[in-house]
Amino acid sequence: MGATRTTRERWVEEGLRALAEGGPDAVRVEVLAKNLGVTKGGFYGSFADRDALLEAMLDTWERESTDEVLERVEREGGDPRTKIKRAGLLTFSSDRLLPIDLAVRDWARRDEAVAARLRRVDNRRMGLLREMIGTFCPDPDEVEARSLIAFCVAIGEHFLAADHGGRTRAQVLSRAADLLLDRPKKT
């Protein structure tokens, strides 16, 4: 009986894990093979080269962080505010997608092709925000501003180290969401 072949998906998953932990330079065929407990020769049965793996990794990230998130948001339904919250939680609170997303953002600063892909993903995400916020906010300029602020909060809060004057980060984020989504203040 021949050896079980390491699937393309396992190589991609290991590559995404390495990307999330150390950026694109950490995605090395030899290291991935060692982590998978296989020889690097099997890699070339699935990919022509490292660049092909990187492309497949970006394809997986894009599909999971846009198509799959948007499909789940629609499938689970709810009002526009609920859909926005769900999309944010699926994307920016996940132990899987968040670290990959942040690594892709860093990578995009140095690679034009990755930056173009990130722009496409962010445009789809902003499209959802515009659509949902537009259901309760009639001013297109305000829709755009709220969408931008919501997206910046979702990404930027992971980098912010500030204290919040006796409030928890969760309390401040909750109030920010209330303001952006035009919800009454919770008492």
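Tallying residues that are surrounded by fewer than 18 Cβ atoms within 10 Å (Cβ to Cβ) and in contact (Cβ under 8 Å) with a residue 24 or more places away in the chain within the stretch 1-12 yields 4. Restricting attention to the stretch 128-145, report how many residues are open to solvent by 40 Å² or more (accessible area, probe 1.4 Å) and under 25 Å from SER94 (Cβ atoms). Qualifying residue count for the region: 2. No other residue among CYS152, CYS137 is farther than 20 Å from ASP67 by Cβ, assigned to a helix (DSSP H, G or I) and either in contact with a Gly (Cβ under 7 Å, 6 or more places away or on another chain) or of a type in the set (A, V, I, L, M, F, W, C) (or both) apart from CYS152. Counted as qualifying within the stretch 1-48 are the helices (runs of 4 or more DSSP H) with 3 or more residues that are under 20 Å from ASP95 (Cα atoms), namely 8-22. When the residues of the stretch 55-88 are narrowed to those that are touching a Leu at 6+ places or on another chain (Cβ under 7 Å) and of a type in the set (Ser, Thr, Tyr), which ends up farthest from ASP178 (Cα to Cα)? Ranking the qualifying residues of the stretch 55-88, first place goes to THR60.
Mind checking which residues of the stretch 32-48 are open to solvent by 70 Å² or more (accessible area, probe 1.4 Å) and not polar (S, T, N, Q)? Steps first, answer last, please.
Kept after step one, since they are open to solvent by 70 Å² or more (accessible area, probe 1.4 Å), are these residues of the stretch 32-48: 34-35, 39-40, 44, 48.
Result: LYS34, LYS40, TYR44, ALA48.
When LEU98 is tested against (1) closer than 27 Å to GLY23 by Cα; (2) assigned to a helix (DSSP H, G or I); (3) open to solvent by less than 60 Å² (accessible area, probe 1.4 Å); (4) free of Cβ contacts under 8 Å to residues at least 24 places away in the same chain, only condition (4) is not met. In the condition set (1) assigned to a helix (DSSP H, G or I); (2) open to solvent by 60 Å² or more (accessible area, probe 1.4 Å); (3) at pLDDT 95 or above; (4) closer than 27 Å to PHE159 by Cβ, ARG110 is compliant with all but (1).
Mind telling me which of the residues ALA170, ALA177 ends up being under 18 Å from LEU90 (Cα atoms), open to solvent by less than 80 Å² (accessible area, probe 1.4 Å), touching a residue at least 60 places away in the same chain (Cβ under 8 Å) and small (Gly, Ala, Ser)?
Working: ALA170 fails: touching a residue at least 60 places away in the same chain (Cβ under 8 Å).
So the residue among ALA170, ALA177 that is under 18 Å from LEU90 (Cα atoms), open to solvent by less than 80 Å² (accessible area, probe 1.4 Å), touching a residue at least 60 places away in the same chain (Cβ under 8 Å) and small (Gly, Ala, Ser) is ALA177.
The values are calculated or read from the model by the stated rules, or taken from the named source; none is laboratory data. In this text, all values refer to a predicted model and were calculated from it rather than measured experimentally. Reconstructed Cβ throughout: ideal geometry from the backbone, glycine too, with neighbour counts over all protein chains shown. What goes into the accessible areas is simple: the full protein's heavy atoms, side chains included, and nothing from ligands, DNA or RNA. Shrake-Rupley method; radii C 1.70, N 1.55, O 1.52, S 1.80 Å.
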